[in-house]
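Take a look at the structure below.
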Amino acid sequence: MTFPLHRLLLKLLPLLLLCAGAQAADVPLRPLTLQLKWYHQFQFAGYYAALAQGYYRDAGLDVTLREGHPERDPVADVIAGKADFGIGASELLLAHAAGKPVVAVAVVFQHSPLILLAKRRPDVETVHDLIGKTIQVVPHEHELSAFIQAMGLKPADFRLEPRNERLDDLIDERVAAVAAYSTDEPYELLRRKIDFLEITPRSAGIDFYGDSLFTSTRLAERSPALVSAFRDASLRGWAYALAHPEEIAELIQREYNSQRSTEHLLYEARTLQRLILPELIELGYMNPWRWRHIAGSYANLGMLPQNYDFEGFLFDPNPQVDLTLFYWSIGLGGLITLLGGGIILYIMRLNRRLRISEQRYRVVYQNAPMAIIVSDERQQVTAWNRQAEQIFGWRAEEVLGRNFLDFMVPPGERAEVRRAVQAVVDQAPDSRSINWNLTKSGERILCEWMNAALRDVDGGLSGVVALAIDVTERNRLQEQLRSSEENYRTLTETAPFPVVVTNLADNSVLYINHRAEQSFNLSKRAAIGRSAPDYWADPQQREIMHGLLRSHGQVTDFEARLKDDSGDEFWVYLSAAVTTFDGKPAAFVSFNDISERKRIEQALRNSERHYRLLAENAFDVIWTMDLGGKFTYVSPSVERLRGFTVEEVMQQTMEQALTPDSARIAGEGIRHVLETGEVLQHHWELEQPCKNGSTVWTDVMVTLMCGADGKPNGILGITRDITEQRRIREALHTRSVAIEAAAEAVVIADPNGTIEYVNPAFTAMTGYTSEEAIGQRPSILKSGQQGTAFYSQLWGSITTGKVWRGEIINRRKDGSLYTEIMAIAPVRDSQDHIVHYVAIKHDISARKELEARLEHLAHFDVLTNLPNRPLFFDRLERAVAAARRNGGAVGLLFLDLDGFKEVNDTCGHDMGDRVLREVAQRMQEIVRESDTVARMGGDEFTVILRNISTPINAEAVAGKIIASLCMPFHIDGHEFHIGASIGISLYPLHADNPETLVSCADQAMYAVKRRNKNDYAVYAPAAEPAP
């Protein structure tokens, strides 16, 4: 029989104590330091519990917990030997890749609590809304950098500064967001009832481990047992802390952080549960594949090499131990006496470890987050832990000794379970399965099982241990997720609009749905992998869209031009959002083809442009007004009608725009609209005041404007001057003059536009007799001056029953053109059918010619047709300004005729006028087309010489004029001899402004007069002033 080694050592212990009693002192505890990553709080509850419950002391450790702060890096402290262990996160991988000797010992948080915390505001919804804003971060939190890059951004897109301890900067909006833990900082905002937004890296597929215990490679390699002891004691502390949150919260407040309230600490405790997941995952469990996934995520973002090998990064709690030295020490019994003290201490350490190990595994067994069930070879239960009681409902004493198949496996599942157990016994050391089980209440639950055979020292079967977790809810959620994904895929594939998903990293197409295949004339197989920019007709539009996507995380209502695989372009109305697709950052883009709408919009813009052109150039005044009587638009023709500018009319009320009697009538009409929603009458004759104090009678046609809801929101009006028509109408009424005597042409046509009647005024205006006109269409007057659109609008108005008024250029029978103002009104019968069109035409050719004549008379001399004084000064100012800009020179000749008075005295003013006209003609023949000859009045003339190079040029022209005017004038048998005195001034030689330039030339001319006349002189400052 083999006697247990530890019992043998215990038998020898008294003898050894006698031999080495002096060395039986207490074994000193090994001092260790744990560097926390933040201030004292429930985030580190397990370590406080391990210390308070004596778990570290039981393991022979004297542990010091050192508080962290934003500027302390636990990795740097552990590597530098300032701490033995530290709390880190997934960025430990980056440190390992950078050559830093760190080893991950245990993972406490299965999901990272790191978030960006912001106050909820309309302008902050995603991380893209924070671009350009200030964010407080903790320098060594690389998970945020990975998140930012995964969203297609870079740290330089933000103003980053170190994180403050408190949230005051965020609350006072001095910063837009702070790096925070979802387990901690949100509590303060909840307490203050401040709405907040949590932006989590998981939204971009960055799902990393959270708080992880780590140490240095040196300590892990040299003292693996020490590392294992610290790890186990810490995890034991975590199990206790999670089971007794109130007790640990009180401990933290009492001994570590009195500033943090119990409610705050318990808030942390509750939220930590969702990250640690103790019910599903063993405390401290590290999945190598999960670490590999994290390394892959870093690699995709360029933060790690692809396929990074992190061998040596994960701590192995069960390294191979060489016991040869121990057995040799036992064999060398003779040395026991010499080494008594050391051996005593070693034996005591082994004995204590044995007790600690047994106690530890018993605690783990009873507090494990999964059911642990041990059965013998007959399937009878021999062990049933607390979690098994919670999951299945039976207490341990109710199931011990019973066959588990009889009470917790549904009859239909028992054969499958027997095969699974037998497989463990016969073939595999362990196996996994998922099957339905029964609870004490009869409820069916789905459990995931891991089974392993228990064997004695001889390899014989002594039982089976089964670990189980209830996955009913997980299975339900997975089914929902699968169903949701299937529904999503079906919805996307059958969506009535195109959907395209592109890779944000390389712009390749990842997916298109059926409608997108149709839009791009491309199969899904051919599209996937192609470059998305190839299908944008305008690359700049795509850059704008991607800029918005990077800035805001989403884009809505964006118009763009795309092209299909054949190169045909089409307009779309698209929306896009940043998402993930197969683990890759992607853009989800959906759109609708709006090519037809764009075509209609362009046609509408053209129509609106035509309307605007018509309104801005119409003879009539076109205006709109709200229901309060305030103008909202007035066409420029109002100034011609009333003398007021558009701006002045826009400021007028209805009472100011009309005479009192007319304002009363219009006011009644507006009140009728407000009360009934209908226009009282569409035509009004209203009197309006003019700026010069007179009044003008107008014909006002009004139409009610309605909004999208069908309710009236304004009035559209067209106002035409009918002062003259009204006067004629009243005169005709007074004298009982029939329409035959009308001064305006009248035309009556049938619904097809065939002329049925014209009055004599029509004949006088056009030259066509009534016989020639009747039976013809009005197009016999067509001049070709108006385009097709003009006539389409005209006929479009009158055929729909509207009155048309406008100005038109027509052609008479003799081919001459004339301008008329015409109004065409439809005439309806009792059934409201159009039976005739009546056109009233007013020839305004004479007025047009008069306006042109008056315009000419305002600037030209009546006698000589030369520019008059005002036009002379205008042209002189322009010439001087041009010379000032271009660095040129201007010459001015001021001319006064010599001997002209004798012509008037001897032959009369009529003959003098004829001489002046010939003088003007001779002068114009001498100068260039770009020069100006003007009559200043009487017998004074001026000549503006532009762009002369030297004063000699001006003198040459003056000499030619004198020579020409010295030639005799022969008029009606009379011969006249006159001369001219000319003064010359030059810009910029003599003056820098027109007035001074004229004065200088005038002085020079008078100097010639005094000297000998019939000569010219250039202005000299010493010349005497004119008398």
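We did not get these values from a lab; they are worked out from the coordinates using the rules stated. Computed from a predicted structure; not experimentally measured. Note: ideal-geometry Cβ built from the backbone for every residue, glycine included; neighbour counts use all protein chains shown.
Give the angle, between 0 and 90 degrees and rounded to the nearest 10, that separates the Cα long axis of helix 340-367 from the longest principal axis of the Cα atoms of the chain.
Once rounded, the angle reads 60 degrees.
Sorting check: for 390-401, 817-828, which peptide has the highest mean count of neighbouring beta carbons within 10 Å, and how do the rest follow?
By packing density, highest mean first, the sequence is 817-828, 390-401.
If the label point is 7 Å along Cα→Cβ of residue 563, which residues in the range 501-533 have backbone nitrogen under 16 Å from it?
Backbone N within reach: 520-522, 531-533.
Put a dot 7 Å past each Cα toward the Cβ at residue 225 and residue 691; how far apart are the dots in nm?
Those two pseudo-labels are separated by 10.8 nm.
Under 19 Å from a point 7 Å along the Cα-to-Cβ line of residue 813: which residues of the range 833-870 have their amide N that close?
Within reach of a label on residue 813: 841-843.
What spacing in nm lies between the two simple spin-label points modelled at residue 76 and residue 422, each 7 Å away from Cα in the Cβ direction?
Inter-label distance under the simple model: 6.4 nm.
Using a 10 Å cut-off on Cβ atoms, rank the peptides 891-901, 990-1000 from the highest mean neighbour count down.
891-901, 990-1000
Can you tell me how much longer the chain between residue 905 and residue 526 gets when fully stretched, taken as 0.36 nm per residue apart minus their C-alpha distance, in nm with one decimal?
This chain segment gains 126.1 nm when fully extended.
For the range 907-968, what percent of Cα pairs sit more than 16 Å apart?
48 percent
Given a Förster radius of 35 Å and the C-beta distance between residue 218 and residue 299 as r, what FRET efficiency does 1/(1 + (r/R0)^6) yield to the nearest 0.05?
It comes out at approximately 0.80.
Mind checking the angle between helix 5-19 and the chain's longest principal axis? C-alpha axes, 0 to 90 degrees, to the nearest 10.
Approximately 70 degrees, to the nearest 10.
What FRET efficiency would be calculated for the residue pair residue 440, residue 66, taking the C-beta separation as r and a Förster radius of 51 Å, to the nearest 0.05?
Step by step, r from the Cβ atoms, then E = 0.60.
For helix 539-552, report the angle its Cα long axis makes with the longest principal axis of the Cα atoms of the chain; keep it between 0 and 90° and round to the nearest 10°.
Roughly 50 degrees between the two axes.
Quickly rank 780-791, 569-580, 535-546 as a protection proxy: mean count of other C-beta atoms within 10 Å, highest first.
My ranking of the peptides, most packed first, is 569-580, 535-546, 780-791.
With equal scatterers on the alpha carbons only and no solvent term, can you work out the Debye log10 of I(q)/I(0) for the chain at 0.06, 0.08 1/Å?
-0.79, -1.03
Tell me, in nm to one decimal, what length is gained between residue 602 and residue 538 on full extension, where the rule is 0.36 nm per residue of separation less the Cα-Cα distance?
Going from the current span to full extension adds 21.2 nm.
Does a label point 7 Å from the Cα of residue 279, set along Cα-to-beta-carbon, have any residues of the range 242-261 with amide nitrogen under 19 Å, and which are they?
Residues 242-246 fall inside that zone.
Can you compute the radius of gyration and Dmax for the range 915-1027, using only the Cα atoms, both in Å?
14.2, 47
What value, in deg cm²/dmol to 500, does the helix sum -39500 (n - 2.57) over DSSP H runs of n ≥ 4 give at 222 nm once divided by the residues of the chain?
Using -39500 (n - 2.57) per qualifying helix, the result is -12500 deg cm²/dmol.
Just add up the charged neighbours of residue 554: K/R +1, D/E -1, any other residue whose Cβ is under 12 Å from the Cβ of residue 554.
Once positives and negatives cancel, what remains is -2.
Compute the distance from the alpha-carbon center of the range 815-880 to that of the range 151-188, in whole Å.
Rounded to whole Å, the Cα centres lie 72 Å apart.
Want the number for residue 950 to residue 630: 0.36 nm per residue separation, take away the alpha-carbon distance, what's left?
The residue 950-residue 630 span can extend by a further 109.0 nm.
For residue 924 paired with residue 258, estimate the spin-label separation in nm (one decimal), with each label point 7 Å from Cα along the Cα-to-Cβ line.
10.9 nm
Can you work out the FRET efficiency for the pair residue 653 and residue 834, with r the C-beta to C-beta distance and R0 = 35 Å, to the nearest 0.05?
Efficiency at R0 = 35 Å is approximately 0.40.
Restricting to Cα atoms and excluding each atom paired with itself, what does the Kirkwood estimate give for the range 370-477 in Å?
Hydrodynamic radius (Kirkwood, Cα pairs) of the range 370-477 is 13.9 Å.
Only loop residues by DSSP count here, and only those with at most 14 other Cβ atoms within 10 Å; note down the GluC sites (Glu not before Pro) in the range 127-197 that meet that.
Within the range 127-197, the qualifying GluC sites (Glu not before Pro) (loop, at most 14 other Cβ atoms within 10 Å) are 165, 173.
Out of every Cα-Cα pair in the range 121-205, what percent are more than 19 Å apart?
Of all Cα-Cα distances in the range 121-205, 34 percent exceed 19 Å.
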